[in-house]
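A short write-up of the structure that comes next.
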Amino acid sequence: MANHNIPEVKANWEETSGVWGMSIDMDVCSGCQACVAACAMENNIAFVGEEDSGYGRSLHWLRVEHTFEGEYPEVEATPFQPIGCQQCGHAPCEPVCPVFASVHSKNEDLNLQVYNRCVGTRYCANNCPYVARVFNMRDYERPEPLPNQFNPDVTVRRRGIMEKCTFCIQRIHQGQDKAKADGRELLDGEVVPACAQACPADAIVFGRLDDPESKVSKLSKAGRGVKLIEELGTLPRVTFLEEEKTYGRTG
Amino acid sequence: MQKVLDLIKNPSFKIAILVFVLVAFSAGLVGIYFTQIPPEQPILFPHNRHVNLQIQCLYCHSGAWKQASAGLPTEQKCWACHGQLKKYFDPVVPVSEWPIELQKLNDYAVNNKPIKWVPVYQVPDFVHFNHRPHVAKGVACETCHGDMSKKTVATLEQTVNMGWCIDCHTKKSANDPVLQAKLLDCGTCHY
């Protein structure tokens, strides 16, 4: 057999704390969907309409999950869980992309989706344990005056492109750029993603995980923190603060 | 099969193929030519005259040092100087005797119409270029935009593609692995 000199590629992720992280307090989340709406506005998410939504093609990067557990008389509601991309440190979506559209940012430690590389194989969505990725099944119509509210900092995706939560990377860049222009370090809480900004209960906290003094790393390590499907070793950067039922809501 | 061979041997078929190849080739050339000519601007702005008067680039393109977009001047900015220039302000010289481009400017400024400048350097929607870090790091305007003291309207001096960006980013960050990780990260420009 001819030796084609194909380099051996091994998954090699170090278990680091990550750079950017989010904590979501399930105790104070009221499931109002403001984060979902804010995310859609910030990130130019298309409106798919009733029919496609029925096929499960809605494009929201964030969904508020809420289920019921138990047999009929003793039905208990699970807490509201806004689930988007967990920005895994060891992401299952990355190694499966044949065109390297789903790559890991070394610098920000985020999972990137490079829209101009994406050819729409949808392998990444099939491999995502959080079902965080959504696919543009068609070029959805945006009737006037909807194009006037486009965010110029975010690409408007077209048909055949996979997309997902970016942790509002455009706001991260803006914050870093502003801090650099002012010649200072980025402050904790200066970068606020659209979902955290819209949350009326302040359930979503965003910040740097590599800074032990930041609000998000304190909350994540406070003991109530759980990570979704952590046993897969995906190293998610989103921490859900478990319900203590201290606010009177019993489901 | 024999019919096809006869057809290929037919001299008129050969000529037709030759004509087709020539037409396709020249159509390609014309296409390339149209990408190289500068777009038509509403006013044939003489950059060279303004630069030779020692007017800074940042006076008109004032966004370059603080934000992503360098910006194009409004008619009010032009009129701030031109409205004061004595030669044209003198009531003795009627507007109709001004140079033709200044007549256009007068029309824009007096009627408060926006000048619809056509951007020359453009990147696709999925690329997010930011002028500020480039200016802050001391990249001179003429590195990318050419020597404006020798040009009238802006022309495309440099094919703007990713290889060109990456080349410069690699060179500038050769000694700094941390900076290189940032400059060569996909998420720096594509999001």
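Summary table below
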read-out: Qualifying residue in segment A:64-73 (condition: modelled with pLDDT of 90 or more and under 30 Å from A:Leu187 (Cβ atoms)); value: yes
read-out: Flag for A:Gln197 being in a helix (DSSP H, G or I), free of Cβ contacts under 8 Å to residues at least 40 places away in the same chain and either surrounded by 14 or more Cβ atoms within 10 Å (Cβ to Cβ) or among the small types (Gly, Ala, Ser) (or both); value: no
read-out: Where A:Arg133 falls short, out of the listed (1) within 12 Å of another protein chain (Cβ to nearest Cβ); (2) charged (D, E, K, R); (3) touching a helix residue (DSSP H, G or I) at 6+ places or on another chain (Cβ under 7 Å); (4) under 22 Å from A:Ile24 (Cβ atoms); value: (1)
read-out: Count - residues of segment B:60-88 that are within 18 Å of the chain's Cα centre (by Cα) and either part of a loop (DSSP other than H, G, I, E, B) or exposed (fewer than 12 other Cβ atoms within 10 Å of the Cβ) (or both); value: 11
read-out: Out of A:Val99, A:Val131, sole residue that is assigned to a loop (DSSP other than H, G, I, E, B), closer than 23 Å to A:Leu232 by Cα and without any contact (Cβ under 8 Å) to a residue 60 or more places away in the chain; value: A:Val131
read-out: Residues located in segment B:157-191, provided they are farther than 19 Å from A:His173 by Cα, away from chain A (no Cβ under 13 Å) and either within 26 Å of the chain's Cα centre (by Cα) or surrounded by 11 or more Cβ atoms within 10 Å (Cβ to Cβ) (or both); value: B:Glu157, B:Gln158, B:Thr159, B:Val160, B:Gly163, B:Trp164, B:Asp167, B:Cys168, B:Thr170, B:Lys171, B:Lys172
read-out: Filter result for B:Ala136 (free of Cβ contacts under 8 Å to residues at least 12 places away in the same chain, out of contact with any Cys (no Cβ under 9 Å at 6 or more places or on another chain) and small (Gly, Ala, Ser)); value: no
read-out: Count of segment A:102-127 residues which are in contact (Cβ under 8 Å) with a residue 40 or more places away in the chain, within 18 Å of A:Trp61 (Cβ to Cβ) and either in a loop (DSSP other than H, G, I, E, B) or of a type in the set (S, T, N, Q) (or both); value: 9
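The values are calculated or read from the model by the stated rules, or taken from the named source; none is laboratory data. Since the model is a prediction, treat every value here as computed from it, not as a measurement. Heads up, the Cβs are rebuilt from the backbone with ideal geometry, glycines too, and the neighbour counts pull from every protein chain shown.
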